[in-house]
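Chemist: Questions regarding the structure given below will be posed in turn.
The values are calculated or read from the model by the stated rules, or taken from the named source; none is laboratory data. All values reported here derive from a predicted model rather than from experimental measurement. Because the Cβ atoms are built from the backbone with ideal geometry, glycine has one as well, and the counts that use them run over all protein chains shown. Side chains included, ligands, DNA and RNA excluded: accessible areas come from the protein's heavy atoms. Shrake-Rupley method; radii C 1.70, N 1.55, O 1.52, S 1.80 Å.
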Amino acid sequence: MALLNIIKPSRVFLLGNPIECSCNTLRFLKWVNRSGFISDVNEIECVLQNGTLAILSHFLRNLKTYEISCQTELWITLASSITSFTILALIFGIVYYRYRFAFEYFFLRIKMKLRHYQPLLEEFNYDAFISYSHYDKIWVKSLHDRLQTKGFSFCLDDKDFLVGVDIAECVVKAINSSRKVIFVITEDFLKSSWGTYEVEMTRMHAFREGRESMVIVILMYDIKKDKLPKALKEIWYKVVCIVWPSDTEAPYNSEEIFYEKLSIALTDGRTQMCEN
């Protein structure tokens, strides 16, 4: 077409050539209509998109209308593609949001493998990882110090998380390195996004490793079960729950009995490992 525009021949005959009249050949059809070089348009038959034949000159008379329909078809195709992509992206977003902690847990596990962290078999670095709100750190420090005198070792973020390492990675490593995970549930813990994150990571680890009984929950200040994170409720039947004594005058509701119960819960995994 470009060469013929330069040569400008007086007449060009196309009879006998297979001509297609469709949106795919719209540029060629517009050139035929505009240039006026083709002399036998009244004799040429072209194949329409539905497979039928039409005289080229008749088709060219309605070319403008056909061009608009082609543009409409293009926009419909484009709109369908965008809609399909949006729906797929929305479905992926919903699935990712629903299982975001699972995705992050397995991503962190892969990341730790690539960094050559050694998997733990039956040996653990700590008896428990304590998850708590930083507003409760003074009480947690007291809990830590009292249980440490009984021979237990604990992982605390302030004490054991490495500087410069991503916090999420430190959390997963702490869970992997501990026989138990203790959640100190207070109102501040329930408001903390990191508290929810640590619960979800623990649930993922417990499910993956078959260690559903690794969770110990300390309920503080009359916290009700219906306020607990959903992930904790899902494994509640395997959780060891110990309530901090808010009413010290009630029978069997003293700090001594609380620490005795907690010590028994922490010793449980140790005894089983020795027997194995």
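Chemist: Report whether or not E20 is part of a strand (DSSP E or B), farther than 30 Å from E209 by Cα and not aliphatic (A, V, I, L, M). Working first, answer last.
Modeler: Values: part of a strand (DSSP E or B): yes; farther than 30 Å from E209 by Cα: yes; not aliphatic (A, V, I, L, M): yes.
Taking the combined requirement at face value, the residue satisfies it.
Chemist: Related question: Contact list please: Cβ distance under 6 Å, first residue in segment 140-157 and free of Cβ contacts under 8 Å to residues at least 60 places away in the same chain, second residue outside any helix (DSSP H, G or I) and open to solvent by 40 Å² or more (accessible area, probe 1.4 Å), pairs at least six apart or on different chains.
Modeler: Cβ pairs passing all conditions: S153/Y126; F154/Y126; C155/Y126.
Chemist: Okay, moving on. Looking only at segment 172-182, decide whether some residue is farther than 21 Å from K238 by Cβ and either assigned to a helix (DSSP H, G or I) or among the polar types (S, T, N, Q) (or both). So that I can check it myself, show each step before the final result.
Modeler: Let us first name the residues in segment 172-182 that are farther than 21 Å from K238 by Cβ, namely 173.
With the extra rule that they be either assigned to a helix (DSSP H, G or I) or among the polar types (S, T, N, Q) (or both), the set shrinks to 173.
Yes, segment 172-182 contains at least one residue that is farther than 21 Å from K238 by Cβ and either assigned to a helix (DSSP H, G or I) or among the polar types (S, T, N, Q) (or both).
Chemist: Among the candidates G151, G164, which residue alone is at positive phi and at pLDDT 85 or above?
Modeler: The match here is G151.
Chemist: Okay, next question. With the structure loaded, tell me whether V163 is open to solvent by 40 Å² or more (accessible area, probe 1.4 Å) and more than 26 Å from the chain's Cα centre (by Cα) or whether it fails that test. Before the answer, list the steps.
Modeler: Numbers: open to solvent by 40 Å² or more (accessible area, probe 1.4 Å): yes; more than 26 Å from the chain's Cα centre (by Cα): yes.
Yes, satisfied.
Chemist: Ok, one more. Inside segment 208-231, can you point out the residues that are touching a residue at least 24 places away in the same chain (Cβ under 8 Å), out of contact with any Leu (no Cβ under 8 Å at 6 or more places or on another chain) and closer than 20 Å to W139 by Cβ?
Modeler: If the condition is that a residue be touching a residue at least 24 places away in the same chain (Cβ under 8 Å), out of contact with any Leu (no Cβ under 8 Å at 6 or more places or on another chain) and closer than 20 Å to W139 by Cβ, then L219, M220, Y221, D222 are the ones that fit.
Chemist: Another question about this same structure. Just give me the residues in segment 70-79 being open to solvent by less than 60 Å² (accessible area, probe 1.4 Å) and either without any contact (Cβ under 8 Å) to a residue 12 or more places away in the chain or on the phi > 0 side of the Ramachandran plot (or both), in sequence order. Before you say what the answer is, go through the steps one by one.
Modeler: Narrowing segment 70-79 to residues open to solvent by less than 60 Å² (accessible area, probe 1.4 Å): 70, 79.
Correct list: A79 only.
Chemist: Based on this model, can you work out whether K180 counts as surrounded by 15 or more Cβ atoms within 10 Å (Cβ to Cβ) and farther than 30 Å from I257 by Cα?
Modeler: Details: surrounded by 15 or more Cβ atoms within 10 Å (Cβ to Cβ): yes; farther than 30 Å from I257 by Cα: no.
Spelling it out, it is not the case that K180 is surrounded by 15 or more Cβ atoms within 10 Å (Cβ to Cβ) and farther than 30 Å from I257 by Cα.
Chemist: Criterion first (surrounded by fewer than 20 Cβ atoms within 10 Å (Cβ to Cβ) and either assigned to a loop (DSSP other than H, G, I, E, B) or not hydroxyl-bearing (S, T, Y) (or both)) does I223 satisfy it?
Modeler: Judged against the criteria, I223 is a match.
Chemist: Just for segment 3-29: of the residues that are under 53 Å from the mean Cα position of the chain (by Cα) and open to solvent by 70 Å² or more (accessible area, probe 1.4 Å), which one is nearest to L74 (Cα to Cα)? Spell out the reasoning first.
Modeler: Taking segment 3-29 as the starting set, the residues that turn out to be under 53 Å from the mean Cα position of the chain (by Cα) are 19-29.
Right, trim to open to solvent by 70 Å² or more (accessible area, probe 1.4 Å) and you get 20, 24, 27.
Working: E20: 18, N24: 11, R27: 15 Å.
Selected residue: N24.
Chemist: Select from segment 1-32 the residues that are of a type in the set (V, I, T) and under 16 Å from I55 (Cα atoms) and list them in ascending order. Before the answer, list the steps.
Modeler: Initially, segment 1-32 is screened for residues of a type in the set (V, I, T), giving 6-7, 12, 19, 25, 32.
Correct list: I19, T25, V32.
Chemist: Pull out all pairs, ordered by first then second residue, where Cβ-Cβ is under 7 Å, the residues are six or more apart or on different chains, the first lies in segment 40-68 and is exposed (fewer than 13 other Cβ atoms within 10 Å of the Cβ), and the second is charged (D, E, K, R).
Modeler: From residues that are exposed (fewer than 13 other Cβ atoms within 10 Å of the Cβ), the pairs are L53/E45.
Chemist: If I ask for residues that are in contact with a Pro (Cβ under 8 Å, 6 or more places away or on another chain) and among the polar types (S, T, N, Q), which ones from segment 194-226 would you list?
Modeler: Within segment 194-226, just T196 meets the criteria.
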